[in-house]
1. Between the range 73-122 and the range 165-186, how far is it from one alpha carbon centroid to the other, in angstrom?
2. Can you count the Lys pairs in the range 169-306 with C-alpha separation below 25 Å, eight or more apart or on different chains?
3. Using only the alpha-carbon atoms, how far is helix 29-47 inclined from the longest principal axis of the chain? Give it as 0 to 90 degrees, nearest 10.
4. Report the rotationally averaged projected area of the range 178-299 based on its alpha-carbon convex hull, in square nanometres.
5. Could you list Val101, Val107 in order of exposure, starting from the residue whose Cβ has the fewest other Cβ atoms within 10 Å?
6. What is the fewest-to-most order of Thr231, Thr225 by other Cβ atoms lying within 10 Å of their Cβ?
7. Using a/c under 1.5 as the rounded threshold, could you call the range 161-233 rounded, prolate or oblate? The axes a ≥ b ≥ c are square roots of the C-alpha gyration tensor eigenvalues, and prolate needs a/b larger than b/c, oblate otherwise.
8. On a C-alpha basis, how far is the centre of the range 240-276 from the centre of the range 23-54 in Å? Whole number, if you could?
Amino acid sequence: MTPKPPLKNVGASVRARLTRRASERKENVQLALTRFAIERLLYRLSLSPHRDQFVLKGAMLFSLWTPTPYRATGDLDLLGYGDAAPERIAAVFREICGIDVEDDGVVFKPDTLRAEPARAEDEYSGVRITMTAEIAGARLPIQIDIGFGDAVIPAVQDIDYPSLLDMPAPRLQAYPPETVVAEKFQALVALGMLNSRMKDFFDLWAISETFSFNGPVLAQAIAATFDRRRTDIPTDTPIALTPAFAEDAAKQAQWQGFLRRTAIAMAPGPFAELQARVAAFVLPPAHALVAGKTFDGKWSAGGPWK
């Protein structure tokens, strides 16, 4: 039997498959193409000498944790180790873009790559990379936020990242859910009434609905993150988890805007209800820490603490 000739235009095939997949799932095509490009960038990273310098975090983890991600994302978030100088990070990612792989249809444009310090409100400390990728003529803006110096508890996990089109999977280091919870909770506390990051409320709720948690481990992750980010663990209910925050007209508008802009797989209830469930999840371990007590609760997916 004569073997099939190799595809002459892998990119066109990939773009068509991703477009069809997005249409079947009623997803945004541009977002599906971007997510695939990020996946293939992660694959190149996993083959590079720099694999152990970066840990996957952020919403790209949701594709790892559930068959249908909680919410779609077009950005990549990483924890980095070592020198955080933007020029060094830029050189590393230009090298990663040039890693030789079997044609997967994605072309990264290293000449478009820029690295600059991340704004303080976006990241504790870090570097933001922007660049362009292409899939059969579709131009895809890629944004990568890399933070440095954060504590990861219980420990980073080695994972095989799922591929949208069953291509070779990136094997990477990734955040555990406990550290994701701790960082998002810290952001709620630190930003207070200025917080417009509605995705953090949604993510905390979705994670609490999906995972079981060991109380002492989650408390340890919260303590380490707040200490590293020089934030006091709240002794009372932080403003972002109060009824006044939920009832604020600007916050309600921001929440509705988040729901309009974001493709989400889990349907949350009213914001005030979701906020209350987040509070019931994160405040008991936080208050135990402030009181100097051991928190030995157990959280089954959906709660409550027992």
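Read-outs: derived from the displayed coordinates by stated rules, not from any lab. Please read all numbers here as calculations on a predicted model, not as lab measurements. Methodologically, a virtual Cβ is constructed for each residue, glycine included, from the backbone with ideal geometry; neighbour enumeration extends over all protein chains shown.
1. Each part's Cα centre sits 17 Å from the other's.
2. On the way: Lys184/Lys199; Lys184/Lys251; Lys184/Lys293; Lys184/Lys298; Lys184/Lys306; Lys199/Lys251; Lys293/Lys306; Lys298/Lys306.
For the range 169-306, the number of qualifying lysine pairs is 8.
3. Around 80 degrees separate the two axes.
4. 7.0 nm²
5. Working: Val101 12, Val107 17.
By the 10 Å Cβ count, ascending: Val101, Val107.
6. Working: Thr231 15, Thr225 25.
Taking fewest neighbouring Cβ atoms as first place, the list is Thr231, Thr225.
7. On the way: a/c = 2.07, a/b = 1.64, b/c = 1.26.
Prolate is the answer for the range 161-233, as a/c is 1.5 or above and a/b outweighs b/c.
8. If we compute the Cα centre of each part, the gap is 29 Å.
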